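K.L.:
First the structure, which I've put down as structure tokens, then a few questions once you've had a look.
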Amino acid sequence: MIYVVAKQFVDPGKLDEFLALARELVEKTNKLDAGCISYAMYQDMNDPSVITVLETWESQEALDQHGKAPHFTELIPKLGALCTKPPELNLYKKLF
């Protein structure tokens, strides 16, 4: 399994627009992407403009296919345009 933590830094004035697009991405990813075990977004309780995606994928191949999915390639640039800086992205594998 592959675990992904992607932290987004949203322009506070564009948070509502970001969340509407993000909801669409989460719903389509969970419904359409083979190998997606979990894909959800969380809001930082101290800084509401920090949104983190926690993802679990069956394999690297499933994650790679997600990156090519139409909903991903359409929505990610729109989401990025609403952020103040590039996301922090970390991939993990379970050790124990």
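K.L.:
Would it be correct to say that Leu32 is in contact with a His (Cβ under 9 Å, 6 or more places away or on another chain) and either touching a residue at least 12 places away in the same chain (Cβ under 8 Å) or not aromatic (Phe, Trp, Tyr) (or both)? Working first, answer last.
P.N.:
Numbers: in contact with a His (Cβ under 9 Å, 6 or more places away or on another chain): yes; either touching a residue at least 12 places away in the same chain (Cβ under 8 Å) or not aromatic (Phe, Trp, Tyr) (or both): yes.
Considered against the rule, which asks whether it is in contact with a His (Cβ under 9 Å, 6 or more places away or on another chain) and either touching a residue at least 12 places away in the same chain (Cβ under 8 Å) or not aromatic (Phe, Trp, Tyr) (or both), Leu32 comes out as yes.
K.L.:
Say whether the condition of being out of contact with any Asp or Glu (no Cβ under 6 Å at 6 or more places or on another chain) and assigned to a strand (DSSP E or B) is met by at least one residue in segment 19-31.
P.N.:
Initial filter on segment 19-31 (out of contact with any Asp or Glu (no Cβ under 6 Å at 6 or more places or on another chain)): 19-31.
Those still in the list that are assigned to a strand (DSSP E or B) too: none.
Scanning segment 19-31, I find no residue that is out of contact with any Asp or Glu (no Cβ under 6 Å at 6 or more places or on another chain) and assigned to a strand (DSSP E or B), so the answer is no.
Results for (1) closer than 30 Å to Leu95 by Cβ; (2) out of contact with any Cys (no Cβ under 8 Å at 6 or more places or on another chain); (3) among the hydroxyl-bearing types (Ser, Thr, Tyr), shown as yes or no for each residue.
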residue	(1), (2), (3)
Tyr3	yes, yes, yes
Gln8	yes, no, no
Leu15	no, yes, no
Phe18	no, no, no
Val26	yes, yes, no
Thr29	yes, no, yes
Leu54	yes, yes, no
His71	no, yes, no
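K.L.:
I'm checking my understanding of the structure. Among residues of segment 9-31 that are touching a helix residue (DSSP H, G or I) at 6+ places or on another chain (Cβ under 7 Å) and either surrounded by 16 or more Cβ atoms within 10 Å (Cβ to Cβ) or of a type in the set (A, V, I, L, M, F, W, C) (or both), which one is nearest to Asp64 (Cα to Cα)? Can you show your working first?
P.N.:
Kept after step one, since they are touching a helix residue (DSSP H, G or I) at 6+ places or on another chain (Cβ under 7 Å), are these residues of segment 9-31: 10, 18, 21-22, 24-25, 28-29.
Add one more test, that the residue is either surrounded by 16 or more Cβ atoms within 10 Å (Cβ to Cβ) or of a type in the set (A, V, I, L, M, F, W, C) (or both), and what stays is 10, 18, 21-22, 25, 28-29.
Working: Val10: 25, Phe18: 23, Leu21: 21, Ala22: 19, Leu25: 16, Lys28: 16, Thr29: 13 Å.
Checking each candidate, the answer is Thr29.
Every read-out reported here was derived from the displayed coordinates using simple, explicitly stated rules and does not represent laboratory data. Values in this document were obtained by computation on a predicted structure and should not be read as measured data. Quick reminder, even Gly has a Cβ in these numbers, built from the backbone with ideal geometry, and neighbours come from all protein chains shown.
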